[in-house]
Amino acid sequence: MLRTGKVEIDEIEANKELERAGLMSDDNSKPGRPLREFLSALRDANKLPQNIRQLYGAWKIKHSKTIAKVLQIFQF
């Protein structure tokens, strides 16, 4: 994300990168489905991290370093 200058990605891109890293396999017929199911389970258990949100059915994942910068600014 940092190399391309992106601050936010969707669940399809995130699942593709997780598969490339060997952390979570992706579904070829429905890209991003395993991550969507995992994020839905976290949302239902009220354990969703602050940098992940669902907007109109699509998951948006912000880079964690952007969250830390915002928290430092609003802390004072």
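Just so you know, all these numbers are worked out from the coordinates, no wet-lab data involved. What you see is a predicted model, and the numbers here were worked out from it, not measured in a lab. In this analysis, Cβ positions are derived from the backbone assuming ideal geometry, glycine residues included, and neighbour counts consider all displayed protein chains.
Extension gain, HIS63-LYS6: 0.36 nm per intervening residue step, less the Cα-Cα distance, totals 19.7 nm.
Is the C-alpha gyration tensor of region 1-48 telling us rounded, prolate or oblate? Criteria: a/c under 1.5 is rounded; beyond that, a/b larger than b/c is prolate, otherwise oblate. Verdict is oblate for region 1-48. For a paramagnetic label modelled at 7 Å from the Cα of ILE52 toward its Cβ, which residues of region 16-41 fall within the zone defined by backbone nitrogen distances under 14 Å? Only 16-19, 23-25, 32-41 pass the distance filter. Residues whose amide H comes within less than 5 Å of that of GLY32, counting only those at least five positions distant or on another chain, are ASP27 (H built at 1.01 Å from N in the peptide plane).
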